[in-house]
Amino acid sequence: MARLKGNSLHNAFTGKVGNLVGCKWKDTYYIRMRPASVKHPNTMAQLAQRMRFTSTQSFLQPMKEFLRLGFGSYTNDKSAYNAAMSYNMKNAITGEFPDIAIDPSLVLVSMGKLPNSSWATVLQLHPQQLVFSWDTQITDATAQANDRAIAVLNRTDCKKASYRLDIAARRDGKLTMYANEFSGSFVACYLLFVRPKVMLGSFNEPDISDSLYCGVVQVDV
C-alpha cells in the first residue's frame, strides 16, 4: 500500500482507478492495489484464517467501546479496535482448523507500558458481586499508588461486556463490581491500570498497562 505525501486535492483521490483503490484515514490518503482474483477461494488456509478472524471478532465485539481506551495509543495507522483485532488474532487463538477458538486467558483488552500488578484475582463473595484483588507493592518506578484500576467483564458466549472506570486506585488493592446483568453466565475477567489523565482522553503507551487476565467466573443466578 502506498502513502501519498501531502494531502492537497491534486494528489489525493478516493475510489477505484483501474486496479488501484484510493482511501483516506485521519487526513492521510493511501493507495492500495485491488486483490487479484482467486481461483480457489475456499482453500484450507483461507477457511482457517476466516475462522480465526470470526472467533476474534466475536469475542472482542462486545468490548468495542472499551477497546477505544484499551488500545487507544495504537491509532497512528489504524483504529483502536483494529489494533486489538490484529494483536489478538496473532496471539489469542488456539487450535487447528476446524477446531479453532479464542483463549480468554491469552486475550489482551489493553496494551501499554505502565506496569500492571504482579498478580490479580477475582472472587464472587456475594451473589452477583465480584471482588478484584491485586498486589499493591510497587517495584517499578513508573508505577504510582494513585494509578486508576479498571475492571473489564466479558461473557464467554460473546453476548455482553461491561467495565468500571475510576472506582479504585492501585494503592487500594481491591475493587468491587456488581455483575447482576451477567446472572447465570460465565464471565472472563480482566484488570488494568491507567494514569488518571487517561480518563481525560490522553492515550499514550506509558499511561496504560497491558491487561491482566484474572480468570473466568460463573455469576450466580
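The values are calculated or read from the model by the stated rules, or taken from the named source; none is laboratory data. Here the structure is a predicted model, which is why all the values come from computation and not from measurement. Here the Cβ is made from the backbone with ideal geometry for all residues, glycine too, and neighbour counts use every protein chain on show.
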Residue in segment 63-85 that is outside the structural domain of LEU165 (by TED's automatic domain parsing) and in contact with a strand residue (DSSP E or B) (Cβ under 6 Å, 6 or more places away or on another chain) present: yes
Selection status of ASN88, in contact (Cβ under 8 Å) with a residue 12 or more places away in the chain, out of contact with any Cys (no Cβ under 6 Å at 6 or more places or on another chain) and not in a loop (DSSP other than H, G, I, E, B): yes
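Here is a yes/no grid of residues against (1) of a type in the set (A, V, I, L, M, F, W, C); (2) within 19 Å of the chain's Cα centre (by Cα); (3) surrounded by 15 or more Cβ atoms within 10 Å (Cβ to Cβ); (4) not assigned by TED's automatic domain parsing to the domain that holds ASN91:
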{"position": "THR139", "(1), (2), (3), (4)": "no, no, no, yes"}
{"position": "GLN144", "(1), (2), (3), (4)": "no, no, yes, yes"}
{"position": "ALA151", "(1), (2), (3), (4)": "yes, yes, yes, yes"}
{"position": "TYR163", "(1), (2), (3), (4)": "no, yes, yes, yes"}
{"position": "VAL187", "(1), (2), (3), (4)": "yes, yes, yes, yes"}
{"position": "MET199", "(1), (2), (3), (4)": "yes, yes, no, yes"}
Which numbered condition ASP210 misses (of (1) modelled with pLDDT under 95; (2) within 17 Å of PHE66 (Cβ to Cβ)): (1)
Of residues in segment 166-182 being assigned to a loop (DSSP other than H, G, I, E, B) and loosely packed, with under 14 Cβ neighbours inside 10 Å, the one nearest to the chain's Cα centre (by Cα): ASP166
Number of the exception - ILE100 against (1) over 28 Å from TYR74 (Cα atoms); (2) surrounded by fewer than 20 Cβ atoms within 10 Å (Cβ to Cβ): (1)
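Give me a count of the residues in segment 91-111 that are in a helix (DSSP H, G or I) and out of contact with any helix residue (DSSP H, G or I) (no Cβ under 9 Å at 6 or more places or on another chain).
Summing the residues that are in a helix (DSSP H, G or I) and out of contact with any helix residue (DSSP H, G or I) (no Cβ under 9 Å at 6 or more places or on another chain) in segment 91-111 gives 1.
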Restricting segment 183-221 to residues that are in a loop (DSSP other than H, G, I, E, B) and free of Cβ contacts under 8 Å to residues at least 24 places away in the same chain, the residue that is farthest from HIS126 (Cα to Cα): SER202
Residue within segment 119-131 that is in contact with a helix residue (DSSP H, G or I) (Cβ under 7 Å, 6 or more places away or on another chain) and over 18 Å from PHE71 (Cβ atoms) present: yes
Contacts under 6 angstrom Cβ, first residue in segment 92-103 being over 18 Å from THR43 (Cα atoms), partner of a type in the set (Phe, Trp, Tyr), 6 or more apart: ILE102/PHE59
